[in-house]
1. Give me a count of the residues in segment 180-237 that are among the polar types (S, T, N, Q) and crowded, with 18+ Cβ neighbours inside 10 Å.
2. Need pairs with beta-carbon distance below 6 Å; first residue surrounded by fewer than 19 Cβ atoms within 10 Å (Cβ to Cβ) and within segment 149-166, second among the basic types (K, R); sequence gap 6+ or separate chains.
3. Just name the residue that is nearest to G156 (Cα to Cα) out of those in segment 96-128 that are polar (S, T, N, Q) and out of contact with any strand residue (DSSP E or B) (no Cβ under 7 Å at 6 or more places or on another chain).
4. Just name the residue that is surrounded by the most Cβ atoms within 10 Å (Cβ to Cβ) out of those in segment 80-130 that are of a type outside the set (A, V, I, L, M) and touching a Leu at 6+ places or on another chain (Cβ under 8 Å).
5. Pull up segment 122-134, narrow it to residues that are within 24 Å of the chain's Cα centre (by Cα) and of a type outside the set (S, T, N, Q), then point me to the one that is nearest to D39 (Cα to Cα).
6. Go through A29, A107, A67 for me and flag whichever is among the small types (G, A, S) and over 18 Å from G169 (Cβ atoms).
7. Which of the helices (runs of 4 or more DSSP H) contained wholly in segment 142-250 include at least 2 residues that are at pLDDT 95 or above and hydrophobic (A, V, I, L, M, F, W, C)?
Amino acid sequence: MPRMNLEGSSSVVTGGASGIGEACARQLAAAGSRVVVADLNEERGQEVASELGGLFVKCDVSSSEDAQTAASAAAEMGPLRALVNSAGIGWAARTIDRANTPMDLSAFERVVKINLIGSFNMLSQCASLMAQTEAVDGDGSKGAVVNMASAAAFDGQIGQAAYSASKGGVVGMTLPIARDLSAAGIRVNTIAPGLIDTPIYGEGEQSDQFKAHLGQSVLFPKRLGHGEELAFMVMECITNPYMNGETIRVDGGIRMPPK
């Protein structure tokens, strides 16, 4: 059984303007897929999309209208075969602070809205169009979705209640959605990254020292992961026809301590 052939297909990558999303967009384009870079960063998103021969769509992942626009834009470039849900935000605060004041509930809600609800929203809109394509093999395969969770879904640290809850939700919905979409020939998997070198850590000597320090807590290799390495696993999940319903940690073996 050959790998899923992405030549002539289209795909959607949320958060595709930078970091893990950009790395995934580049590897999808290299495999012959026309990529919709769905992001809020217009300048960088346009740059990446034009470089890859794809299309930029300004997209708030929690908006049904934006999700429909991104999915439809992809489907116009070719049969929609892949969605990578890489958009997300981080936010750190304790459940109660040192003065015993409760966490700002609106901040918790925002993290869950973007990371969890946004992932489901994009997934359901893209799956609707994937399901209407012609199957690519005798099994009836029509497409694949890869969600982005985090090692924090399992080893959430102090201050990560909102982030861990949102990513734990992504892990928890992976199997039931894979079951939902099995009748439509769509596979669903989730990647749980560890410490990855993305723009979130900033740039410069101080940033490099901080990242080197963080890397020492990784089992092996003792460094932060690269977006490209995450994208390798994303592409495996998309193109391996038997990969379905699973969450895979890609984290160098790290298990996060409480802080």
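The values are calculated or read from the model by the stated rules, or taken from the named source; none is laboratory data. Remember, predicted model here, so these are calculated numbers, not experimental data. Cβ: placed from backbone, ideal geometry, glycine included. Neighbour counts: every protein chain shown.
1. 3
2. If the second residue must be among the basic types (K, R), the pairs left are D155/R255; Q157/K259; I158/K259; G159/R94.
3. Checked segment 96-128; the qualifying residue nearest to G156 (Cα to Cα) is N115.
4. Step by step, filter segment 80-130, then rank; the result is C126.
5. Ranking the candidates gives M122 first.
6. A29
7. In segment 142-250, the matching helices (runs of 4 or more DSSP H) lie at 152-155, 161-181, 227-239.
Yes/no matrix, rows are residues, columns are (1) free of Cβ contacts under 8 Å to residues at least 24 places away in the same chain; (2) closer than 26 Å to I177 by Cα:
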site	(1), (2)
S63	no, yes
A73	no, yes
V84	no, yes
R94	no, no
R98	yes, no
L105	yes, no
V111	no, yes
